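> Just passing along the structure, written as structure tokens.
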Amino acid sequence: MLFALFGALAIGLSLGLLGSGGSILTVPILVYLLGQPEKLAIAGSLAIVGGIALAGALPWTLKRQVDLRSLLWFGLPGMAGTWAGAWLSQWFSGAAQLALFAVVMLLAAVMMFRSAPAPELSGPPRRRVLVLLDGLGVGVLTGLVGVGGGFLIVPALVLLGRLTMQRAIGTSLWIIALKSFTGLAGYLPLLERQGLALDWGLIALFIAIGAAGTLAGMQLARRLPQQTLKKVFAVFLVLMGIYILLRTAPVLF
């Protein structure tokens, strides 16, 4: 349990330092450290990451670093996609969801290995249909495997929404929170049918520790080199993704 609590702190630190990555840590912690079934862990991850992201979004909102237009154009399709992904999850086994989750981890690692920071662009946003489709696609991924998708949302907001990195991170946290809570609502009937119940006390504890980690991460982000942090985190994602694939392969095949 102690390692799991350190994991909760790491979830918050990741969100505060990088604006993403928290949910990629949550599911493995719940499955491998706390022994939860896959679908219960994915639903619990949505609750935890949604709560932590909401706590992290509030300071950015006070700093006026949230773009409401992008929040609507990206967030609403994302919520619809997350609900759809949660609905689709009933036809996936827990092992298949974890394997897909591992693939997402490897994709996130590839994106984080990129040495150049995302460009901060000015001018009008690109075609709204691209933003809508991106939000919908990330939402489906969130519902299926329980990731908030910050590693996809932040670049999309910068490149498609023409936001600065600061506004993209602040907006991303709100989008993650909204999508996560929507996905959680979609999972609750499925859990009830399978006789599974969320441990709300554990979730609240994870949110509290993770929220503190997020605030600490936001302060550390001003002092630490972002690109180095991303590469170190990417190496961890590769190792964890390979580990999950090796664990799930015997069940799938």
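The values are calculated or read from the model by the stated rules, or taken from the named source; none is laboratory data. Computed from a predicted structure; not experimentally measured. Cβ atoms come from the backbone with ideal geometry, glycine included; neighbour counts cover every protein chain shown.
> Residues of segment 146-171 being within 10 Å of the chain's Cα centre (by Cα) and either surrounded by 24 or more Cβ atoms within 10 Å (Cβ to Cβ) or among the hydroxyl-bearing types (Ser, Thr, Tyr) (or both), which ones?
Within segment 146-171, Gly146, Val147, Gly148, Gly149, Gly150, Phe151, Ile153 qualify.
> Quick one: Trp174 ticks every box in (1) modelled with pLDDT under 90; (2) buried (at least 18 other Cβ atoms within 10 Å of the Cβ); (3) part of a helix (DSSP H, G or I) bar one, so which box is it?
Against the list (1) modelled with pLDDT under 90; (2) buried (at least 18 other Cβ atoms within 10 Å of the Cβ); (3) part of a helix (DSSP H, G or I), Trp174 comes up short only on (1).
> Using the structure shown, decide if Gly135 is at pLDDT below 75, crowded, with 24+ Cβ neighbours inside 10 Å, under 26 Å from Leu190 (Cβ atoms) and not aromatic (Phe, Trp, Tyr).
Against the criterion (at pLDDT below 75, crowded, with 24+ Cβ neighbours inside 10 Å, under 26 Å from Leu190 (Cβ atoms) and not aromatic (Phe, Trp, Tyr)), Gly135 does not qualify.
> Something else: Name the pairs: first residue in segment 72-88 and within 17 Å of Thr171 (Cα to Cα), second residue surrounded by 21 or more Cβ atoms within 10 Å (Cβ to Cβ) and aromatic (Phe, Trp, Tyr), Cβ to Cβ under 9 Å, at least 6 apart or on different chains?
What qualifies is Gly75/Trp174.
> Limited to segment 158-197, what total is found for residues that are among the β-branched types (Val, Ile, Thr) and closer than 21 Å to Leu13 by Cβ? Walk me through it before giving the result.
Filtering segment 158-197 for residues among the β-branched types (Val, Ile, Thr) gives 158, 164, 169, 171, 175-176, 182.
Right, trim to closer than 21 Å to Leu13 by Cβ and you get 169, 171, 175-176.
Selection size over segment 158-197: 4.
Let's see how each residue does on (1) surrounded by fewer than 24 Cβ atoms within 10 Å (Cβ to Cβ); (2) among the aliphatic types (A, V, I, L, M); (3) touching a residue at least 24 places away in the same chain (Cβ under 8 Å):
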residue	(1), (2), (3)
Leu13	no, yes, yes
Ile24	no, yes, yes
Pro28	yes, no, yes
Val31	yes, yes, yes
Leu46	no, yes, yes
